[in-house]
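Novice: This is the structure I have questions about; it appears just below.
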Amino acid sequence: MKLIHVFSIFGTAESFFDGQFKYLTDQGYEIVVVSSDAPNTDAFCKRNGVRFVPLNIPRSVSPMAIVKAVKSICSLIRKEKADAVFGHTPVGALCAIIAARLCGVKNRVYYRHGLIYTTMKGFKHTIFKAEEKFVASLATSVINVSHSLSKLAVADGLNEAEKQYVIGHGTCGGIDAQNIFNPSLVDADKLLFIKKKLGFNDADIVFGFCGRICNDKGIPELVDAFELFQKLHSNIKAKLLFIGRFDTRDGISEEKKQQIESNSDIVISGHIDKVEIPYYYSMLDVFVFPSHREGFGMCVVEASAMEKPILDSRAHGCVDAIVEHETGEYIDLSADGICRGMELMLDEELRGKLGKSGRKRVLEWYDFQVMWPLVSDLYKKILR
């Protein structure tokens, strides 16, 4: 069976489907990956046994760009004689599912990674919500990356419950908790080198976040919470580490950016190689995830795999990623609420207990060896 997966940006395929596509091709599926052109596609394709076709897939709602993309995808579908088309991310999925419908493809799968309209207001909220509903109506199946996302989709009238699915306990396909996100594989000398480079000492308590530094991720609230914590606990040497870089599409205010840069105890890693991310998680005492919306909090699972206790948002897509009082604690998305969570995590015994339980849960629910067979089972169920 030949499958076409359409992404607006190639990075989505790299982040969530690297390895999983190889597993599926070994199951007999032929996979064609489509996105706007990007570097390093050859290595990904070789690892996964897939082909890459560069097409201009828009990220924003531009009618002319969407029409052009639909025409290009239609031509590809006819050329490849595709049995199924998967659309990822809002606009990429819009183009893919419209093209698949026009070409009479009987398996049209919308892979819903999140609901962007939930943090929008006014006209943009209306447009993107309508777009979600339209794409779901044309799809034969919808795969949501979390159960809370599924509940919200039905509550907001985006699609019928019978049309949608979630893989296991959530995520696109889990993580490698044995060979990558495994605290026992961290080299002590390398970790010490990175800590010194960032200016961290063993006496510091390090709070951390991984992802885009932007408003949707709750960064303004997190910064204010950290500075409140510093004010209330001036006797404690605390650091805040951002594993990531500033987002240009949903950028925080210049005032907030200056607030971050003027605090010497707030450190931004910038871009780091994928293989080094476990080392940055290892430096943390507490992982904080104050996001306002997610499809699924993948970085929460990664941090849990590295035995880090979690302070997690109750927002959809975030709420699924922890078990309250067992692997982490929920926080209110305000400076006061996040600060209270930070104070709770001053208990070293609690941190250790939550971290150990978190890794155990990841191995049981989210390791790729658990998830990928479930992906294969779902494909067999929804593809005719």
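The values are calculated or read from the model by the stated rules, or taken from the named source; none is laboratory data. All values reported here derive from a predicted model rather than from experimental measurement. Virtual Cβ from ideal backbone geometry, glycine too; neighbours counted across all protein chains shown.
Novice: So, residue 98, is that one surrounded by fewer than 19 Cβ atoms within 10 Å (Cβ to Cβ) and β-branched (Val, Ile, Thr) or not?
Specialist: no
Novice: Enumerate the helices (runs of 4 or more DSSP H) found wholly within region 333-384, keeping only those where 1 or more residues are of a type in the set (Lys, Arg) and farther than 30 Å from residue 17 by Cβ.
Specialist: Per the criteria, 335-344, 348-365.
Novice: Need the failing condition index for residue 95 against (1) more than 22 Å from residue 173 (Cβ to Cβ); (2) without any contact (Cβ under 8 Å) to a residue 40 or more places away in the chain; (3) over 21 Å from the mean Cα position of the chain (by Cα), just the number.
Specialist: Looking at each condition in turn, residue 95 falls short on (2).
Novice: Any idea which of 276, 307, 227 is acidic (Asp, Glu), within 25 Å of residue 147 (Cβ to Cβ) and either surrounded by 17 or more Cβ atoms within 10 Å (Cβ to Cβ) or out of contact with any strand residue (DSSP E or B) (no Cβ under 7 Å at 6 or more places or on another chain) (or both)?
Specialist: None of the others qualify; the one that does is 307.
Novice: So, one more: Report, by residue number, each residue of region 202-224 that is part of a loop (DSSP other than H, G, I, E, B) and buried (at least 22 other Cβ atoms within 10 Å of the Cβ).
Specialist: Correct list: 217, 218.
Novice: Here's another thing I want to ask about it. Looking at the structure I just gave you, is residue 376 on the phi < 0 side of the Ramachandran plot, among the polar types (S, T, N, Q), more than 19 Å from the chain's Cα centre (by Cα) and not assigned by TED's automatic domain parsing to the domain that holds residue 244?
Specialist: Yes; evaluated as a whole, the condition is true for this residue.
Here is a yes/no grid of residues against (1) over 20 Å from residue 179 (Cα atoms); (2) buried (at least 24 other Cβ atoms within 10 Å of the Cβ); (3) over 17 Å from the mean Cα position of the chain (by Cα):
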| site | (1), (2), (3) |
| --- | --- |
| 260 | yes, no, yes |
| 285 | yes, no, yes |
| 291 | yes, yes, no |
| 301 | no, yes, no |
| 332 | yes, no, yes |
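Novice: What do you reckon, is residue 158 of a type outside the set (D, E, K, R), closer than 30 Å to residue 60 by Cα, touching a Leu at 6+ places or on another chain (Cβ under 9 Å) and not assigned by TED's automatic domain parsing to the domain that holds residue 287?
Specialist: yes
Novice: Could you list, in sequence order, the residues of region 225-255 that are of a type in the set (Lys, Arg), at pLDDT 95 or above and farther than 12 Å from residue 207 by Cα?
Specialist: 231
Novice: Still on this model: Taking residue 312 as the residue in question, decide whether it is free of Cβ contacts under 8 Å to residues at least 60 places away in the same chain, assigned to a loop (DSSP other than H, G, I, E, B) and either out of contact with any Lys or Arg (no Cβ under 7 Å at 6 or more places or on another chain) or among the acidic types (Asp, Glu) (or both).
Specialist: Considered against the rule, which asks whether it is free of Cβ contacts under 8 Å to residues at least 60 places away in the same chain, assigned to a loop (DSSP other than H, G, I, E, B) and either out of contact with any Lys or Arg (no Cβ under 7 Å at 6 or more places or on another chain) or among the acidic types (Asp, Glu) (or both), residue 312 comes out as no.
Novice: When you scan region 92-123, how many residues do you find that are assigned to a helix (DSSP H, G or I), hydrophobic (A, V, I, L, M, F, W, C) and modelled with pLDDT of 95 or more?
Specialist: Of the residues in that region, 9 qualify.
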